[in-house]
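Comments concern the structure below.
The values are calculated or read from the model by the stated rules, or taken from the named source; none is laboratory data. Bear in mind that the values here come from a model prediction, so they are computed numbers and not experimental data. Cβ coordinates were reconstructed from backbone atoms using ideal geometry, including for glycine residues, and neighbour counts include every protein chain displayed. Ligands, DNA and RNA are stripped out before the accessible areas are found, and what is left, the full protein with its side chains, is counted by its heavy atoms. Shrake-Rupley method; radii C 1.70, N 1.55, O 1.52, S 1.80 Å.
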Amino acid sequence: MVTFKLLLAISSIKPTLQIDINNVFLNGDLQEKVYMALPPGFTPPNTEDNSNLVCKLHKSIYDLKQSSRQWYKKLSDALLTIGFSQSQANYTLFTRGFNDQFVALLVYVDDIIITGPNIHLLHQLQESLNAQFQLKALGPLKYFLGFEIARSVEGVFLSQQKYTLQLLEDTDYTRSKPAKTPMDPRTKLDDQQGNLLDDPSSYQQLIGRLLYLTLLRPDIKFAVNTLSQFMSSPHTTHMQAVHHLLKYLKGIPGQGLLYSSNSSLHLKGFSNSDWAACPTTRRSITGFCIFIGDCLISWKTKKQTTFSKSSAEAKYRALASTSSEIT
């Protein structure tokens, strides 16, 4: 997701196309012998007993363990053949050329995003891929993995408004009174206060859906990270905090990120830590955010894996995590 947001940030004024590969896993070539039981209802001609018959696969199919690996190998080999280079930081990112000839290609299973300053090169690449794989040309990028993407002269705006409204509708919070903050700053959650929930699955499902929402909502990252620590045995106080967070989302369901077309390519990061903030484990919490120019592309809040004996030590650990992300 960080690579996806970085790609949109640096191509905010460049054309970006989206293509979808048809029957993606059927394109993979098998390198080993794989046999499959006969499909129900299929009777080969000139056979009486089907109990010992199997099919030998010549190509990969869906639900085969090797399918995703073989498809990715075939696609990457095809891209490397036509001059693309594979990123060593993210193997799903491929680039080719420089300046006006630059093209970047990002793969997510069967969804592919291509971007670059020259729209004619993008169409040529699209036709080249169509000659090898059957695909659908979806045109300019507008919707990707639940992200709504809108372009204007000011840049690119990303949001998850549809996903948020669906979450509020499913939890019956569309008519609730909005809250001003994701979490009450005076609240210190632990595993002692309140009563255990009779059915923890409802809490776990809500946290799972909120975790996906944090991909474009840094404002709720800390609250969701805190609440996700009580997934195994949630209490009534934790559920009340989740309801408070839903009320906050009700107030600004369309909150998102704007990647300005006038932004520079200067990479910068900010980090902080809260020493011994966890009341249960007394571990410190790391928080950081990474910008390219004015565009926020990466953020995290996470409990540190080891104890820090001082606030300075906690801050150094946060700086190390931030430096690692920038690298």
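Rundown of residues vs (1) more than 28 Å from Ser11 (Cα to Cα); (2) within 26 Å of the chain's Cα centre (by Cα), yes/no style:
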{"residue": "Asp63", "(1), (2)": "yes, yes"}
{"residue": "Trp71", "(1), (2)": "no, yes"}
{"residue": "Leu80", "(1), (2)": "no, yes"}
{"residue": "Ala104", "(1), (2)": "no, yes"}
{"residue": "Asp110", "(1), (2)": "no, yes"}
{"residue": "His123", "(1), (2)": "no, no"}
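Yes/no matrix, rows are residues, columns are (1) over 30 Å from Leu206 (Cβ atoms); (2) touching a residue at least 12 places away in the same chain (Cβ under 8 Å); (3) open to solvent by 20 Å² or more (accessible area, probe 1.4 Å); (4) of a type outside the set (A, V, I, L, M, F, W, C):
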{"position": "Val109", "(1), (2), (3), (4)": "no, yes, yes, no"}
{"position": "Ile112", "(1), (2), (3), (4)": "yes, yes, no, no"}
{"position": "Phe157", "(1), (2), (3), (4)": "no, yes, yes, no"}
{"position": "Thr171", "(1), (2), (3), (4)": "no, yes, yes, yes"}
{"position": "Pro182", "(1), (2), (3), (4)": "no, yes, yes, yes"}
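Within the stretch 238-259, can one find any residue that is surrounded by fewer than 18 Cβ atoms within 10 Å (Cβ to Cβ) and among the hydroxyl-bearing types (Ser, Thr, Tyr)? No, because not a single residue in the stretch 238-259 is surrounded by fewer than 18 Cβ atoms within 10 Å (Cβ to Cβ) and among the hydroxyl-bearing types (Ser, Thr, Tyr). Could you please let me know if Lys180 is assigned to a loop (DSSP other than H, G, I, E, B) and not β-branched (Val, Ile, Thr)? So Lys180 fits the description; yes. Residue count for the stretch 18-38 satisfying the condition of being under 30 Å from Leu121 (Cβ atoms) and in a loop (DSSP other than H, G, I, E, B): 3. Can you spot a residue in the stretch 39-60 that is within 28 Å of the chain's Cα centre (by Cα), in a loop (DSSP other than H, G, I, E, B) and at pLDDT 80 or above? For the stretch 39-60, residues within 28 Å of the chain's Cα centre (by Cα), in a loop (DSSP other than H, G, I, E, B) and at pLDDT 80 or above: present.
The residue of the stretch 203-226 that is most open to solvent (accessible area, probe 1.4 Å), among those that are in contact (Cβ under 8 Å) with a residue 24 or more places away in the chain and among the hydroxyl-bearing types (Ser, Thr, Tyr), is Tyr212. Here Leu129 passes the criteria (1) out of contact with any Ser or Thr (no Cβ under 9 Å at 6 or more places or on another chain); (2) open to solvent by 30 Å² or more (accessible area, probe 1.4 Å); (3) farther than 19 Å from Leu213 by Cβ except the one numbered (2).
No other residue among Ser298, Ser324 is part of a helix (DSSP H, G or I) and among the small types (Gly, Ala, Ser) apart from Ser324. Quick check, is Phe84 in contact (Cβ under 8 Å) with a residue 24 or more places away in the chain and surrounded by 14 or more Cβ atoms within 10 Å (Cβ to Cβ)? When the stated conditions are applied, Phe84 does not pass them. Among the criteria (1) open to solvent by 60 Å² or more (accessible area, probe 1.4 Å); (2) within 22 Å of the chain's Cα centre (by Cα); (3) among the small types (Gly, Ala, Ser), the one Ser264 does not fulfil is (2).
Per-residue answers, yes or no, for (1) at pLDDT 90 or above; (2) in a strand (DSSP E or B); (3) touching a helix residue (DSSP H, G or I) at 6+ places or on another chain (Cβ under 9 Å):
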residue	(1), (2), (3)
Lys268	yes, yes, yes
Pro279	no, no, no
Arg282	no, no, no
Glu313	yes, no, no
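Of everything in the stretch 291-320 that is touching a residue at least 40 places away in the same chain (Cβ under 8 Å) and of a type in the set (A, V, I, L, M, F, W, C), the residue that is most open to solvent (accessible area, probe 1.4 Å) is Leu319. Within the stretch 11-28, being touching a helix residue (DSSP H, G or I) at 6+ places or on another chain (Cβ under 6 Å) and not aliphatic (A, V, I, L, M) holds for Pro15, Phe25, Asn27, Gly28. Considering (1) exposed (fewer than 15 other Cβ atoms within 10 Å of the Cβ); (2) on the phi > 0 side of the Ramachandran plot; (3) not β-branched (Val, Ile, Thr), the lone condition that Pro140 does not fulfil carries the number (2). It is to be established whether one or more residues within the stretch 235-253 are in contact with a Gly (Cβ under 9 Å, 6 or more places away or on another chain), touching a residue at least 24 places away in the same chain (Cβ under 8 Å) and closer than 29 Å to Ile290 by Cα. Looking for residues that are in contact with a Gly (Cβ under 9 Å, 6 or more places away or on another chain), touching a residue at least 24 places away in the same chain (Cβ under 8 Å) and closer than 29 Å to Ile290 by Cα, one finds none in the stretch 235-253, hence no. Yes or no: the stretch 302-319 includes at least one residue that is closer than 24 Å to Gly146 by Cβ, of a type outside the set (S, T, N, Q) and under 21 Å from the mean Cα position of the chain (by Cα). Yes, the stretch 302-319 contains a residue that is closer than 24 Å to Gly146 by Cβ, of a type outside the set (S, T, N, Q) and under 21 Å from the mean Cα position of the chain (by Cα).
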